[in-house]
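The structure under discussion appears below in the form of structure tokens.
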Amino acid sequence: MNTTWTTEKVLAIYNKPLIELMYEAAKTHRENHNPLEVQVSTLLSIKTGGCPEDCGYCPQAARYHTDIDNNDLMSVSQVKAQALRAKSNGSSRLCMGAAWRNIKDNADFDQVLEMVKTVNSLEMEVCCTLGMMSEGQAQKLADAGLYAYNHNLDTSEEHYKEVISTRGYDDRLKTIENANKAGISVCSGGIIGMGESPKDRAGMLSTLANMNPQPKSVPINSLVAVEGTPLEDQKNVPIWDMVRMVATARIVMPKAVVRLSAGRTEMSDEGQALCFLSGASSIFAGDKLLTTPNPDINKDMELFGILGLSPKAPFVDGDQPETKATAPSCMSTEGNVKWSRPAHKIERNENAKSRAKQLRNN
Ligand code: SAM
Ligand code: DTB
Ligand code: SF4
């Protein structure tokens, strides 16, 4: 029987003595994943800025005066070039983000479907984050080969209203449900450092952990406080809070990929190492997230080398440790990052369509 994760239960884990919490999370991590493999994803902002929403953290909301360059939707060939670049730098997944409130059934969506097909044909996991999505739109994306959809809860239901007024928590949950119905792997997590309490953090994790199925991927972002946004004056969260959040997510969602997401430029190598030890199993690589800076890929690969970590091959989430290959060595060069792909067969055994079929048959 599945555990019901009440906020209180999750908060008790979050508040454990840190050494105990990290130990328990590391143990859970090893029981469910190869602790030496980290999935490397690249973010690509396919449509930047001018968003009608009022998310208090977001530099892309049209109503805030931030220093970003607004861009129209990228062309398919631009996306293909960026995807190939990301792949040559060791990324197994490309996440395409658009500053949209929701997907509209128009030519831009048709263009995104083409992008999905193109990236999929490059043997990369393709993920999109395009705002709210209907069931029909989810199905079209799944048919085009979309592997995952990112749609964050961002914080607890209670704190959500303090940060965003133009949509509600239920809207977020509905889109996640639509992705699930289409058999798309769900990526959903949130941000810490927006003035929320530990109880809010536990509340968000309990909502995610109680989902059936649990999200396959859980990004934990540390707020990047961008000048011009309502949250511009928020202080950086202490690394210990990030470690607690990662470790708690790992314990309550043992099979998920826990993604150490925004905010890594402010984290020390040692702090990130504690996050990897506590169950973080993915990062966004490349010197830019969507609009804000991210560590240089060569710096990341240097840290991987020090810690004995290696980038994970695509399409193998949910594997048990014994099915994993041994870690290859990573070494950085001046241009592209060189790493040897484990010599095991990359099986794409669970594409979006067959998962959708399975779900419908259940
Ligand atoms: N518009 C779509 C949406 O809101 O779902 C997709 C893009 S949106 C930029 C994706 C996610 O990025 C947000 O849900 C939020 O969690 C994260 N994000 C945005 N701005 C951030 C910031 N300043 N710091 C940390 N995370 C941020
Ligand atoms: C997620 O949880 N974090 C990523 C990805 N999903 C789309 C986005 C982080 C954005 C940080 C702010 C920016 O660069 O604009
Ligand atoms: Fe728009 Fe997404 Fe930014 Fe909110 S987080 S303002 S919906 S781009």
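Every read-out reported here was derived from the displayed coordinates using simple, explicitly stated rules and does not represent laboratory data. Please read these numbers as outputs of a predicted model, since none were measured by experiment.
Brief remarks follow.
- Under 17 Å of direct C-alpha separation, and excluding same-chain neighbours fewer than eight residues apart, K174 reaches these aspartates and glutamates: E135, D154, E157.
- For the chain, DSSP calls about 10 percent of its internal beta bridges antiparallel.
- Cα-based Kirkwood hydrodynamic radius, the stretch 152-266, one decimal, Å: 14.5
- Distances between placed amide hydrogens fall under 5 Å for S45 paired with G97, all partners being 5 or more residues away or on another chain.
- Built amide H within the under 5 Å cut-off of S310, gap 5+: E37, V38
- Amide H contacts for S156 (H built 1.01 Å from N in the peptide plane; partners 5 or more residues away or on another chain; cut-off under 5 Å): M204.
- Listed residues L122, L223, L205, most fluctuating in the chain (Gaussian network, C-alpha, under 10 Å): L122
- Summary of the geometry: the stretch 153-205 and the stretch 101-119, compared by the centres of their Cα atoms, lie 24 Å apart.
- The chain - Rg (one decimal) and Dmax (whole number), Cα, Å: 18.9, 53
- Each semi-axis of the equivalent ellipsoid for the stretch 1-97 is √(5λ) with λ an eigenvalue of the Cα gyration tensor; in descending order they amount to 36, 23, 12 Å.
- Vicinal HN-Hα couplings computed from phi for the stretch 39-56 (Karplus, 6.51 cos²θ - 1.76 cosθ + 1.60; Hz; Gly/Pro x): 6, 10, 10, 10, 9, 9, 7, 7, 8, 10, x, x, 6, x, 6, 10, 3, x
- Over the Cα atoms of the stretch 225-271, the radius of gyration divided by the Kirkwood radius equals 1.04; this is the Rg/Rh ratio.
- For the chain, the 222 nm mean residue ellipticity estimated from helices alone, with every DSSP H stretch of n ≥ 4 adding -39500 (n - 2.57) and the total spread over all residues, rounds to -11500 deg cm²/dmol.
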